[in-house]
Amino acid sequence: MKRLFIVICGFFCIGLALAQTNPFADRLPEAAREGEELFGRNCQQCHNSRGKGGKAPQLVSGVWGPGGANSDSYMYQVITTGRPNTAMGSFKSSLTEEDIWRIISFLREEGRRVKAAEAKNKDTYVPW
Ligand code: HEC
């Protein structure tokens, strides 16, 4: 019984270690400033400035916006593994883990700004 308990605890700890959470969650605005620069150099040519979408999908509203269905860890996974057979490559070897989280922080902050702007201009807002 005791051994089973230890095994269960072991799996739980491994699970926690693997769960990808944003290490900058408590200082998003700061990380987002650095993330903006990184996004500009690595992602903007396809996802457009501020992630509003161009040749590639937008990354700041709807499912990617605040409260949207896509989690931080899902975003992290897409960026690290890429999407096979599309222009979306893997950034695993070109960006550090921390830089990927900085970019995600930027996109999340930008998502908040987009949502606030939409709420403010509800009647007149024209999506991109
Ligand atoms: C060479 C062009 C290109 C670059 C550079 C690029 N992407 Fe993409 N990205 C794409 C394309 C095309 C897709 C859509 C793939 C598909 O059809 O599933 C995509 C998809 C994504 C998605 C999933 C979007 C969705 O709606 O499912 C995320 C998240 C993403 N990219 C983030 C990034 C980030 C962050 C960077 C920079 C580190 C980046 N991408 C750089 C082309 C690019």
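Descriptive notes on the structure:
- Per-residue Cβ neighbour rank within 10 angstrom, fewest leading, 114, 63: 63, 114
- Charge tally for residue 111 (other residues, Cβ to Cβ under 11 Å; Lys, Arg +1; Asp, Glu -1): +3.
- Sorted by Cβ neighbour density within 10 Å, fewest at the top, the residues 26, 99, 72: 26, 72, 99
- For the range 28-112, with +1 on Lys and Arg beta carbons and -1 on Asp and Glu, the positive-most of 45, 28, 66 along the dipole: 45
- Computing Rg and the Kirkwood Rh from the Cα coordinates of the range 28-112 gives a ratio, Rg/Rh, of 0.92.
Any read-out appearing in this document is the output of simple, stated calculations on the displayed coordinates, not a laboratory observation. All values derive from a computational prediction rather than experimental measurement. All Cβ positions, even for glycine, are placed from backbone atoms using ideal geometry, and neighbour counts span all protein chains on display.
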